1. Taking all protein chains in place and a 1.4 Å probe, what share, in percent, of the accessible surface of the stretch 228-337 do carbon and sulfur account for?
2. Within 9 Å, Cβ to Cβ, of Asn197, how many net charges do the neighbouring residues add up to if Lys/Arg are +1 and Asp/Glu are -1?
3. Can you check what the net charge comes to around Gly236, using other residues whose Cβ is under 9 Å from the Cβ of Gly236 (Lys, Arg +1; Asp, Glu -1)?
4. Using the Karplus curve 6.51 cos²θ - 1.76 cosθ + 1.60 with θ = phi - 60°, what ³J(HN,Hα) values do you get for each residue of the stretch 201-215, in whole Hz, with x for Gly and Pro?
5. Greater than 18 Å separation of Cα atoms is the criterion. Which listed pairs, Lys161/Lys221; Lys42/Lys202; Lys202/Lys243; Lys221/Lys246; Lys148/Lys231, meet it?
6. Tell me, what is the Rg over Rh of the stretch 222-289, with Rh the Kirkwood radius over Cα pairs?
7. Heavy-atom accessible area per residue, the stretch 208-337, 1.4 Å probe: how many Å²?
8. Within the P(r) computed for the stretch 257-327, what percentage of the Cα pairs occupies the region above 16 Å?
Amino acid sequence: MNMSADESHTEFNYLVTRYLSGEMSPEERSLFLEEVRRENEKQEALDELQKVWDLTGKVPSGENYDLEREWALMQEQLPGFETTGRLVRSLRYYSYRIAAVLALGLLLTFAWIYASRFAGMERVMADNEQVEVILDDGTDVIVNRHSKLRYSRRFDQTERKVYLSGEAWFDVTRDTTRPFIIDAGEAVVEVLGTSFNVNAYKQNSSVEISVESGMVALSAKQDPDNLIIIKPGSGGAYHKSQKELKLIPSFEPNTISWKTRKLFFDDTPLKEVTELVNSVYGVNIVIMNRALASCPITVTFSGQSIEAILNVLESTLDLQVTRTGDEIRLDGQGCIE
């Protein structure tokens, strides 16, 4: 699904305002925070807006308050509020209480922060199907299932920057004057022109890179000067908890099976086989007999349908394959000697 970020701008402002003002029910609050946690950019925006809210302090009660003093305080505490303040100041002689003045100024500040982050941006959200997109510079990106990509409609003159949550394959158009930068949550990837895979799902313990051609620089977002250079045919990882970068001499070919539909197994336990097939094909294969889980299999699949793969597993390990709802169940006596 391709969505303009501007479309969600107003809705996000509305929800943030209700959240900060305490107007949400416990259920609404829980759902809102869960949605925000799923997207780095929204979490960062909410954190900034929370700081703005906290800056306003407590609203004075009663009839005696100094409107001039409150406006002066607001202008001192909110960066850029002077422009916003002039826009709203014409309302000051109406019978609004200072709470209304603060709320209106806050809303305009919300709009400024959020719009500055997302103006001119596009968002690709891949749910159950992969999504391919061609960027402004000709770069080809394939976004894996359950992943999100945010990018500028038009890159600027100094860099080409995108934001990834999940997994995607990049075939970057070479441009020696503008590096291509991927914000992958806690890690940053930078290239000039190359093809590579980035696995940056939030639930993973690390951000992993697999390079097919060209060279890729990987660094931690909080320490950009400490980086590793990943060469073709190798990989690299940033381990989030240890905050460590690590080079991988050669990457496992199944790392990009989701894109190539090529799966390589060499004496691989059936449990690992089914886990990869589930991930690549978006199916739910379940091993019913635990004795089957460790049964080894050596086979290569290249673009076969899920039915063809099941037929090979069935005949190789003498399995019974049945379907129940969305489950594909594998059963049998155990490994064949």
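The values are calculated or read from the model by the stated rules, or taken from the named source; none is laboratory data. All values reported here derive from a predicted model rather than from experimental measurement. We place every Cβ from the backbone using ideal geometry, glycine too, and count neighbours over all the protein chains shown. Just so you know, the surface numbers come from the protein's heavy atoms only, side chains and all, with ligands and any DNA or RNA stripped out. Shrake-Rupley method; radii C 1.70, N 1.55, O 1.52, S 1.80 Å.
1. On the way: 3020 of 6190 Å².
Carbon and sulfur atoms account for 49 percent of the accessible area of the stretch 228-337.
2. On the way: positive: Lys259; negative: Glu167, Glu208, Glu212.
So the environment of Asn197 carries a net charge of -2.
3. On the way: positive: Lys246; negative: Glu208.
Neighbourhood net charge equals 0.
4. Per residue, the Karplus-derived 3J(HN,Hα) values read 5, 4, 6, 6, 7, 8, 9, 10, 10, 10, 9, 8, 8, x, 10 Hz.
5. Values: Lys161/Lys221 14 Å; Lys42/Lys202 14 Å; Lys202/Lys243 15 Å; Lys221/Lys246 15 Å; Lys148/Lys231 26 Å.
Violating the 18 Å limit, Cα to Cα: Lys148/Lys231.
6. On the way: Rg = 15.9 Å, Rh = 14.5 Å.
When Rh is taken as the Kirkwood radius, the ratio is 1.09.
7. Working: 7320 Å² over 130 residues.
With the other protein chains kept in place, the stretch 208-337 gives 56 Å² per residue.
8. Values: 1081 of 2485 pairs.
Tail of P(r) above 16 Å: 44 percent of Cα pairs.
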